[in-house]
1. Return the distance in nm (one decimal) between the two label points of a simple spin-label model at Tyr485 and Val408, each offset 7 Å from Cα along Cα→Cβ.
2. Hey, can you grab everything whose amide H is under 5 Å from the amide H of Phe236? Only 5+ residues off in sequence or another chain; H modelled, so Pro and N-termini drop out.
3. Check Leu224: other-chain or 5+ apart residues with amide H under 5 Å from its amide H, H built from backbone geometry?
4. Between Glu428 and Lys383, take the C-beta separation as r, use R0 = 25 Å, and let me know the FRET efficiency to the nearest 0.05.
5. When the gyration tensor of the range 258-340 is built from Cα positions, what are the square roots of 5 times its three eigenvalues, in whole Å, from largest to smallest?
6. Which residues does a label at Glu445 reach in the range 293-311, if reach means a backbone N under 16 Å from a point 7 Å past the Cα toward the Cβ?
7. Longer than 20 Å from Cα to Cα, which of Lys42/Lys99; Lys235/Lys383; Lys103/Lys327 are they? Say none if no pair is.
8. Quick one: what do you get for the chain if you divide its Cα Rg by 2.2 N^0.38 Å?
Amino acid sequence: MVTVAPHATEHMQLVVVGHVDHGKSTLLGRLYADTGSLPDGKLEKVQAICRQQGKEFEYAFLFDAFLEEQQQGITIDTARTFFSWQDRQYVVIDAPGHKEFLKNMVSGAARAEAALLVIDAREGVQEQSRKHGHLLSLLGIRQVAVVVNKMDLVAYDRPVFEAIEAEFRAFLEELGVRPERFVPASARHGDNVAAPSARLAWYAGPTVLETLGLFRKQMTQERLALRFPIQDVYKFDARRIIAGRVASGCVRVGDRLVFSPSNKSAHVRSIEAFNVDPLPLEAVGGQSIGITLDEQVFLERGEIGSHEGSPPGVATTLRCNLFWMGKRPLEMGRKYLLRLATREVECEVVEIRRIIDAADLAALRVKSAVGKNEVAELVIRTKAPIAFDLYQDFEVTGRFVLVDQYDVAGGGIIVEAVPDAQTSLREEARRRDLSWVTRDVGTDERAERYGHRAALVLLTGSAALTSRLARELERRLVLDGRHAYLLDTTNIRRGLAEASELNTRESTRRFGELVHLLVDSGMIVVFVAGALRQDEQAAIQALLHPTPLVVVQAGPQAGDPASHADLALNDVEDAAAAVDRIIAELTRQAVLADPTDHSRRLLYPSYSI
Ligand code: GDP
């Protein structure tokens, strides 16, 4: 019997998977018994019942009885049982069916940090063993060990074990799962489960229990890097309080925080709390707090605060694994709302790489839609850049849900960011923003003073019409007391560079940087873009984010059909009426204050309480 630490100081969530009858319950029964985690008399009681019923005692029965007992009164759909060894408590997440298990894992109801995959030495690698390998890869579980069980049935033969190891290791590596080790064992006889066995003398590695002990604990929430998703920004007397729940890490007064994806940064002036005196100087993962900053930076719900050296990723294209439970199938090209921490952004599926039936893990043919209870590996593109982490690194910011017509219809985990044409520009913008020298006048002070936010209005379409509208728009805005400026291509070219000397990408980049300076001054910049290509539009957006980019299409579409317009003016007869519509669009996008909205809440995302 192994000694048990009465007070476990850490917990590890574990899942045990494998082909039916390969010995999962027996192995768990052994682990519970051999670590002394069973209630007193339990083992003897189950043994007595077996004797009464004339059955041979099985450790699997012990596990089943234990499961039943621990589950009593628990109504959650993920059953958990516990055993302790040394300083750690193992929380065994029961995987009742693949469907429930996948759903629980991607929705956040359960999370396994490590997995044991059991293979029967006599039967070898079976179809289900492979499927379970796949399941672990889908869920991004990185710590996996394989137990080659029932070694007693193959006379503890080393070559049998080695052949299974070679075959299965190669298979798992193809899926990107790197098993930490393969352990030969006999759960029924207790060989190499809690104690090494003379019958497996040729094996020098750790026992099953030692293997569990070697799994590394993911850093605790507090020790991980800071992730502080903004829930709301409140204006409270002169202060602006940024409220949210610290998802991980620790934030202290005086820390310089960077908010993603806008790249705004400032120092924490105070951490606010109700009826607490003195105010706290730090807050850690799990706490709901409000902070004030030393600069009035323009921040909105959904941004994620972090420390400068360890920011989350920012991207628009993400590879993920998703469990779909929606009434209608998930389709490529259709718009969904992606919710990640406190951020909501429109998105669409741009590629479905593979679909797997969650009930039996059978890989289905590649289809263009994902049905209910199917798991898909797919690529999602968000309309605006989003801050995220990989699920394997951070749980809260690595997981998202998809909303279809107001219903949460799918849950997913982020596996990888897919670089797009704008990745390098976005990185450039981030470096620029982080070293940006700020002044004492903040963005929203300017906005308050000017009565509008900065924006870039791009007019695309027919050349003659757009330049007429642009002039009219500039004139109207300036007469209304706005800070607006019509940027003329010919004028820029003279000063900055002859466009002919530069490739399009570089001239787009320079244009974006120039506009960035103007919008930083609080200006509404109007520009006639002629035929705008989608990649140019995306590049400008990457450099200007989070300043609104308002695209107006006038006359027949001249640009890339895929480029997106916020406002399409198809037949313009009267320039003044067309400009009215552009101004209405600017109001709708909260660039201009809505004269009928006296709270001016649209203009400033913060509001008074
Ligand atoms: P599960 O379906 O994977 O949970 O498998 P069980 O734990 O219920 O085991 C299935 C059968 O295999 C039971 O009859 C066990 O007694 C038997 N079994 C489990 N482990 C071993 C083992 O190490 N050696 C032998 N000979 N039989 C085992």
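1. 4.7 nm
2. Those qualifying (amide H under 5 Å, at least 5 residues apart or on another chain) are Ile241.
3. Amide H neighbours of Leu224, under 5 Å, 5+ apart: Gly249.
4. 0.75
5. They are 34, 17, 12 Å, listed largest first.
6. Hits in the range 293-311 for Glu445 at 16 Å: 293-299.
7. In this structure, Lys42/Lys99; Lys235/Lys383 lie more than 20 Å apart at Cα.
8. Computed over Cα atoms of the chain, the ratio equals 1.18.
The values are calculated or read from the model by the stated rules, or taken from the named source; none is laboratory data. As the structure is a computational prediction, the values presented were derived from the model and not from experiment. Note: ideal-geometry Cβ built from the backbone for every residue, glycine included; neighbour counts use all protein chains shown. To get the accessible areas, we keep the full protein, side chains included, count just its heavy atoms, and leave off ligands, DNA and RNA. Shrake-Rupley method; radii C 1.70, N 1.55, O 1.52, S 1.80 Å.
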